[in-house]
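Visitor: One structure coming up, written as structure tokens, with questions to follow.
The values are calculated or read from the model by the stated rules, or taken from the named source; none is laboratory data. All values derive from a computational prediction rather than experimental measurement. Cβ atoms come from the backbone with ideal geometry, glycine included; neighbour counts cover every protein chain shown.
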């Protein structure tokens, strides 16, 4: 499902994803940014914003551990989160109140986890940009 084109929303989304100064923090982020999320938002083009995926950062900080969001939350925040709405129908509109709550909680948990992991001694943060070759 693609949201109806709204000039204000479209401009915001396009500007956000094309700005190298913006940072998106998420869990298993590449799949979202290269598919479902950008498609639903109506974004077409190359995602230029910086991406921080807590999944590989967690794996680097805690080698050999599982890396699902619920497990990461337990390890890093000592908080259990309910993932029961993961497999509900996200294409149906309007979304259920519980789906909206679930999505907001997921986003908040990811940010809280990032806030802890970024200070971990084994955390690899944003990949360094390679200097442009001089001609």
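Visitor: Quick check on residue 84: is it modelled with pLDDT of 95 or more and loosely packed, with under 13 Cβ neighbours inside 10 Å?
Guide: Details: modelled with pLDDT of 95 or more: no; loosely packed, with under 13 Cβ neighbours inside 10 Å: yes.
In short, no.
Visitor: Follow-up question, since we're still on this one. Out of all the residues in region 60-69, which are assigned to a helix (DSSP H, G or I) and surrounded by 17 or more Cβ atoms within 10 Å (Cβ to Cβ)? Show your work before the answer.
Guide: Taking region 60-69 and keeping what is assigned to a helix (DSSP H, G or I), we get 60-61, 69.
61, 69 - these are the residues of region 60-69 that are assigned to a helix (DSSP H, G or I) and surrounded by 17 or more Cβ atoms within 10 Å (Cβ to Cβ).
Visitor: Do we have residue 46 as within 24 Å of residue 13 (Cα to Cα) and surrounded by 16 or more Cβ atoms within 10 Å (Cβ to Cβ) here? Please lay out each step first, then the result.
Guide: On the way: within 24 Å of residue 13 (Cα to Cα): yes; surrounded by 16 or more Cβ atoms within 10 Å (Cβ to Cβ): no.
For residue 46, the condition - within 24 Å of residue 13 (Cα to Cα) and surrounded by 16 or more Cβ atoms within 10 Å (Cβ to Cβ) - is not met.
Visitor: Quick one: how many residues across region 97-121 are in contact with a helix residue (DSSP H, G or I) (Cβ under 9 Å, 6 or more places away or on another chain) and surrounded by 12 or more Cβ atoms within 10 Å (Cβ to Cβ)?
Guide: 10
Visitor: Residues that are assigned to a loop (DSSP other than H, G, I, E, B), within 15 Å of the chain's Cα centre (by Cα) and within 24 Å of residue 122 (Cα to Cα): does region 74-93 have at least one?
Guide: There is no residue in region 74-93 that is assigned to a loop (DSSP other than H, G, I, E, B), within 15 Å of the chain's Cα centre (by Cα) and within 24 Å of residue 122 (Cα to Cα).
Visitor: Shifting gears a bit: Identify the residue in region 48-59 that is out of contact with any helix residue (DSSP H, G or I) (no Cβ under 9 Å at 6 or more places or on another chain) and not in a strand (DSSP E or B) and, among all such residues, is nearest to residue 107 (Cα to Cα). It would help to see each step written out before you state the result.
Guide: Let us first name the residues in region 48-59 that are out of contact with any helix residue (DSSP H, G or I) (no Cβ under 9 Å at 6 or more places or on another chain), namely 50, 56, 59.
Subset that is not in a strand (DSSP E or B): 56, 59.
Numbers: 56: 17, 59: 19 Å.
Checking each candidate, the answer is 56.
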